[in-house]
Structure formats: structure tokens, C-alpha cells
Amino acid sequence: MSTVEQQKDTRRWWALALIAAAQFMVIMDTSIIGVALPRIQADLGFSQENLSWVFNAYVVAFGGLLLLGGRLSDLFGARRIFATGWAVLLAGSAVAGAAQQVWVELAGRAVQGVGAALIAPAALTLLMVLFGGEPKELTKALSLYGAAAPAGGTAGVFLGGVITEYLSWPWVFYINIPVALAALAAIPALMPKGGVTRGTVDLLGAVAVTAGLAVSVYTIVQAAEVGWGSGQTIAGLVASVVLLAAFVAIQAKRRVPLMRLGIFGTPNLAAANLAQVLLGGAWIPMWFFLNLYLQQVLGLGAFASGAALLPMTTVIMVMMIALAPRLIGRFGPKPMTVTGLAVLGAGLGWLAMVRPDGTFLADVLPASIVAATGMALAFIPSLGTAISSAPPAEGGLASGIVNTSYQVGSALGLAAMTALAASFGAGQTGDTQALTQGLSVAFLGAAGIAVAGAVIAAATLRGARSSARAE
């Protein structure tokens, strides 16, 4: 290999490090705020019901705009959109950290989500450009890229505790700023330029799907306060259905849609995406309410809460990288997806037995390890099935859809469980007994989502033999 070729190869791997850092950051931004939530609530005046919007504002924007981010990468070049995403993430982080009012905080989080929706699909496109021509190198690159997600989740939980305890909660947002500046400085030297193609952007479709998701989440969260039978709730649910139906109609008529509807006819793709929806709908509420239990019931500080969640997230990271691929190779993706969702449901059911006078070792640690094991077993096989089921030419679209599925499931699951917890007393400030009861019901509801996911996956996912016959 010549000196020029060696330099080019070295630059590729430095580019991969930046791509993995992007994946790390967009996932970290979903988890780093967990431990800081009680401090944010106290300083900005969030109600218990509306606190989940610190998470949802990010996830709704992220999940709702992922398909648009992928389309913009195709049209204007992945490097340009990648850089734009980092700039937007930087701006949103500055706003969220400096916020003194609830609406400013939520606006900053939404802008962060927009940045993440531009970064994530562009990063995967750049990875394919750099390594797509060499299967062995591509496998290595995808392994490192995939490991960045659980690493980001783990780091976010722990860093959130450290930052909140020893600095202040705004720094869980400010930490993005130096990373974004470093990324923007490195992009011109490391990333391939890529071409710009002609085409149209389905902005109407992007607006319809994002608005439909936002309205549905808002309606579910508010239903606990205004009543499920109230005119506001009914009108909100109707509006969300109309907006999402409009999105489907727009996609059916567009010559170049954000999401080609026919792709869902591919065997296993729809079933695997549904598994991802339910997995996000069960896992994220557990993570959210476990943070509240640790701090508001057990009385742990921010650092202690972050450390308490570290065993769970470490189990996820180790199992996803070292164990899950071997088990999938031996048993196949369907049994692993079903088993993982069932184990997650068992762990959540165990967590539902938390007590007002409980302890970390008895009430949290063993149940959270079981839940984390289920998450690690189910996530990779359902994700891999969703992506690999699509034709190679639509791998990018399949990746965007499965990312959207998980984010949508996360937002809707958290909204529903927040409303459920509030209905059973979690909104009563200062009443530890009522708060614990509400959190317990939320854990039980999330367990029901996971068990439903296991049953549906068992009924709808095709095994290796049936998939081969279909092909």
C-alpha cells in the first residue's frame, strides 16, 4: 500500500470515529437528562405530568424528522447535512441550557431533536460511502457504529449524574457545544463531499407526520388532567389520527415520498418495526420513572442515581456487543426478539413491586438487571431484521423507518405511562405513598406493553425457514 493510500485509509477510520461519536451523542442526549429531571422540574416549574416533555420534545422532533433528514442527505449531500445537523444541535443545546422558562426549555430540546434527525441518517450514509465497497471492512465499521449507541446510553446516565451533582443541570446540555464545535472543525478534512442530486423534498409529509405525533403525545399526557372523555382529549385524538392519515395519503400520492408505503409488503419488515415500537414503548417509560423513584422516593442524589443505573446500562452494552450476536447466530432473530421482550416484561413486572420504604439493592438492582437483559436480547435482532428485510437499494429507507419506529414508540409509550401514573397518584407532590403507587402502575403498564410485544412478535415474525420460502 502506497503512502497516499495509507493516509487515505487512516483518514477513513478517523472519519468512522466521528460518525460513531455522532451516534453516541444523539443517543446520549436521550439519556443524559434523566437524572437531571428533578432539578429541572424544581428550577423551571414543570408539573409532574408535563415533566416528560423534556424527553418527548427531543424524541418527537427526532423521530418525526428522521425520514426528512435522510431525504435531505440524498438531495444535498450527506456531508453538508451532517454538518448542518451538528450546528443545529449546538444551537438547541445552548438554548436548553440557558432556559429560564418551561417553553424555552422545550423549544431548545425540540431544536436538539431536529439536529439529531439531520445527523443520524447522514452519518449512516457517510459510513456506507466510506466502507460500502469492502464487505469485511463494512462489518467492522458497522460493529463500531452499533456499539456507540449503548455506549451513549450508558455514558448519558452516568454523566448526567456527575454533571448534575457537581456542576449544574444546564451542563447536561452545554456538554454538546464543545463536541459539536470539534465535529464541525473535523468534517471538512475527514468526510467525503458526495454529490448533489435533483429532486423534491416532501415537506408537507414531514410536517404532517411530526405534527400528528406531537398532537397525539400531548393529548395523551393531558388526558390524565382533563379526562379521557373530555372534548379536548377527543378533539386531540381525532386531530392526531387525521394528521397521520394525511401523511399516509401524501405518501401514497407523491412520486418521490419520504416513505414508500410498498416497502411494508416486504416479509418481516413491518413485524420487526412493530417490535421496535413496542420495545421503545416499554423501555423508555421504565428508564424515565426509575429515575424518579431513585431520587424522589429513595432520596438518592443526582450522582448516586446515575451510579445506581450504571449496572443496568453496562449489562446492556456488554450483552449487545458480546453475547447477543452469538445467540442470534445460534437461535435466530425471531426467538431472541420474543424471548427478549418477555424477559423485559418480567423485569418490569418485578419493578412494579417497588415500595415507598424500599432500597436500591432489594427493589431496583435485581429487577433492573432482568429488564436490561431483556432489552439487550430483543433490540439487536429486531433492529437487524427490520433493516435486512428490505432490498439493498432501500437499506437507507429501512434504517430511517426503524429508527422512527423506536422513537415513536418511546414517545407514545412514555406519554401513555405518564398519564397512567398521574391517574394513580403520581402527580401528588410530597406524598411518597401516592407517588410510589403511580410509579408502580406505570411499571406494570410498561410490562404489559413488553408482553404484548412478545406475543405479537411470536405471531407475526417469520422464522428462518418461512422467510426462505417467501424469498
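Points worth noting:
- Considering only alpha-carbon pairs that sit under 8 angstrom and 6 or more positions apart, the relative contact order computed for the chain is 21 percent.
- Folded to 0 to 90 degrees: helix 302-318 orientation relative to the chain principal axis, Cα: 50 degrees
- The chain: proportion of alpha-carbon pairs further apart than 38 angstrom, %: 19 percent
- Segment 68-85 - phi-based ³J(HN,Hα) in whole Hz, Karplus 6.51/-1.76/1.60, Gly and Pro as x: 5, x, x, 5, 5, 5, 5, 7, 10, x, 5, 5, 5, 5, 4, 5, 4, x
- Residue-averaged 222 nm ellipticity for the chain, from DSSP H runs of 4+ at -39500 (n - 2.57), nearest 500: -27000 deg cm²/dmol
- Placed amide H near Asp202: partners under 5 Å, 5+ positions off or other chain: none
- Highest average first, the peptides 286-298, 234-246 ordered by how many other beta carbon atoms sit within 10 Å of their residues are 286-298, 234-246.
- Segment 203-253 - Debye-derived log10 I(q)/I(0), Cα point model, q = 0.21, 0.27, 0.30 Å⁻¹: -0.65, -0.88, -1.00
- Calculated P(r) tail over 20 Å for segment 48-122, as whole % of Cα pairs: 29 percent
- Globularity ratio of segment 263-471, using Cα Rg and 2.2 N^0.38 Å: 1.06
- Going from the residue with the fewest nearby Cβ atoms within 10 Å to the one with the most, Phe158, Phe247 rank Phe158, Phe247.
- Working from label points 7 Å from Cα in the Cα-to-Cβ sense, the Thr460 to Thr266 distance is 1.6 nm.
- In order through segment 453-460: 3J(HN,Hα) via Karplus (6.51 cos²θ - 1.76 cosθ + 1.60), integer Hz, x for Gly, Pro: x, 4, 5, 5, 4, 5, 7, 10
- Whole-Å semi-axes of segment 261-321's equivalent ellipsoid (Cα gyration tensor): 34, 14, 6
- Relative contact order computed over segment 203-253 (Cα-Cα under 8 Å; 6+ residues apart), in percent: 52 percent
- Computed lengthening from Arg330 to Ile234, 0.36 nm per intervening residue step minus Cα-Cα distance: 29.8 nm
- Helix axis angle, 135-166 relative to the chain longest principal axis, alpha carbon, degrees: 30 degrees
- Computed from backbone phi, the HN-Hα couplings of segment 250-266 come to 5, 5, 5, 9, 5, 6, 10, x, 5, 9, 5, 5, x, 5, 6, x, 5 Hz, rounded to whole numbers (Karplus: 6.51 cos²θ - 1.76 cosθ + 1.60, θ = phi - 60°; Gly and Pro given as x).
- Sorted largest first, the principal axis extents computed over the alpha-carbon atoms of segment 1-126 equal 62, 28, 19 Å.
- The largest-to-smallest principal axis extents of the Cα set in segment 222-366 are 56, 50, 24 Å.
- Centroid-to-centroid separation of segment 227-258 and segment 94-130 [C-alpha atoms, Å]: 24 Å
- Each label was represented as a point 7 Å from its Cα along the Cα-to-Cβ direction; for Thr432 and Ala182 these points are 4.1 nm apart.
Each reported figure results from applying straightforward, stated rules to the coordinates on display, with no laboratory input. Please read these numbers as outputs of a predicted model, since none were measured by experiment. Glycine also receives a Cβ, built like all others from the backbone with ideal geometry; neighbour counts cover every protein chain displayed.
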